[in-house]
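Structure first, then comments.
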Amino acid sequence: MFNIDLKGKKAFIAGIGDDQGYGWAIAKMLYSAGAKILIGTWVPIFNIFKKSWEAGKFDQSRKLLSGKLFNYEKLYPMDASFDTLKDIPPEILENKRYKEFSNYSIEELSKEIEKDFGKIDIIVHSLANAPEVKNKLLDTSRNGYLSAISSSAYSFISLIKYFGPILGNGSALALTYTASTKAVPGYGGGMSSAKAALESDIRTLAWEAGRKWNIKINCISAGPLKSRAAKAIGMIDYMIEYSKKNAPLKKDLQAEEIAKSSLFLLSDLSSAITGQTIFVDNGLNIMGLAMDSKSLEDYPS
């Protein structure tokens with residue numbers, strides 16, 4: 001039996017903001033395998049996350065099977081909308097939620113992590129944001145659309161660009177959703193476009209970063225999970241129910257299932273796998289019919 005041992009490995013997880021969601025589950029799984037965890041949290045919620053952690057609000061979620069508590073080495077403020085310091089506009093620099101922080105652009109963050117830990121081995125991109133996610137695509141503004149692409153797709157390119165030199169021979173992973181290739185009404189604001197761009201970028205980056213730094217890059221297309229971030233979509237309960245009624249495996253998808261697949265893709269067991277989008281969604285992506293459709297009521301079971 002293969003045992004995945006990440007002792008001595010350092011993993012940076014970008015986009016954790018609470019104890020829910022896939023980013024948290026992946027970080028916890030990597031920690032269980034022995035990795036040292038570095039976390040990047042959006043600047044506006046950095047203090048909330050840190051205080052919640054220190055107050056013990058995450059303690060129940062931090063428990064491992066061994067009884068130990070999941071822990072991180074260092075927490076970093078980040079804003080993946082900005083590549084370099086010069087990209088940050090004055091109104092952001094002076095904003096009360098940002099003013100006490102520094103070094104939160106992706107380039108500055110990579111330098112901070114290099115200064116603190118030298119080389120790292122793993123990057124996980126758990127970032128997605130669309131200010132107009134509840135809008136139909138036809139009702140999405142240009143700024144809203146570009147913001148979704150910037151935060152949810154280009155941010156991964158930027159991470160690889162600036163972290164590549166300290167991630168040689170390492171692994172990178174991003175998270176996507178089936179709306180990249182299928183129409184999902186209600187998943188708006190340009191998010192479906194951002195996920196499509198992300199998956200395309202995965203393939204190109206796998207080639208470019210693979211040849212330049214020997215980094216393997218993959219993506220997991222995860223099924224719906226009722227996280228705090230997903231609730232912003234406004235229809236997550238319907239998405240989960242649809243999946244349970246129509247996927248081959250009729251069950252709730254657990255964040256831990258995404259984390260297990262991530263552990264494999266980020267370990268040496270997947271040493272020849274790169275540029276791939278792997279579906280972890282109870283098989284929903286293979287279905288061409290909605291089995292709970294009223295049009296199938298007379299179909300012989």
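Annotations for the structure displayed:
- Burial ordering of Arg211, Arg62, Arg203, fewest other beta-carbon atoms within 10 Å first: Arg211, Arg203, Arg62
- Straight-distance crosslink candidates among aspartates and glutamates, where the alpha carbon sits under 13 Å from Lys68 and sequence neighbours closer than 8 are dropped: Asp59
- Count Lys and Arg as plus one, Asp and Glu as minus one, and take only other residues whose Cβ is under 10 Å from that of Glu73; the net charge is then +2.
- Nearest-20 debye value, the range 115-255 charge dipole, Cβ charges on Lys, Arg, Asp, Glu: 180 debye
- Candidates Thr204, Thr178, Thr41: whichever shows maximal mean-square fluctuation once the chain is modelled as a Gaussian network with Cα springs under 10 Å: Thr204
- Over the chain: helical MRE at 222 nm, DSSP H runs n ≥ 4 each giving -39500 (n - 2.57), nearest 500: -10500 deg cm²/dmol
- Where both bridge residues fall in the chain, DSSP classifies roughly 5% of the beta bridges as antiparallel.
- Rg/Rh for the range 21-168 stands at 0.98; both radii use Cα atoms, and Rh follows the Kirkwood definition.
- Pairs from Lys136/Lys245; Lys111/Lys134; Lys74/Lys212; Lys36/Lys182; Lys7/Lys244; Lys182/Lys260 whose Cα-Cα separation, in the structure shown, is over 30 Å: Lys111/Lys134; Lys36/Lys182; Lys7/Lys244
- Secondary structure note: in the range 1-107, about 10% of the DSSP beta bridges are antiparallel.
- Rg and Dmax, both from the Cα atoms of the range 166-301 and both in Å, are 16.8, 59.
- Förster radius 45 Å - calculated FRET efficiency between Lys68 and Lys294 (Cβ-Cβ, nearest 0.05): 0.35
- Those GluC sites (Glu not before Pro) in the range 89-196 that DSSP places in a loop and that have at most 11 other beta carbons within 10 Å: Glu94, Glu100
Taken together, the values in this text are just the output of simple stated rules run on the coordinates, not laboratory data. Model, not experiment: these values are computed from the prediction. Cβ: placed from backbone, ideal geometry, glycine included. Neighbour counts: every protein chain shown.
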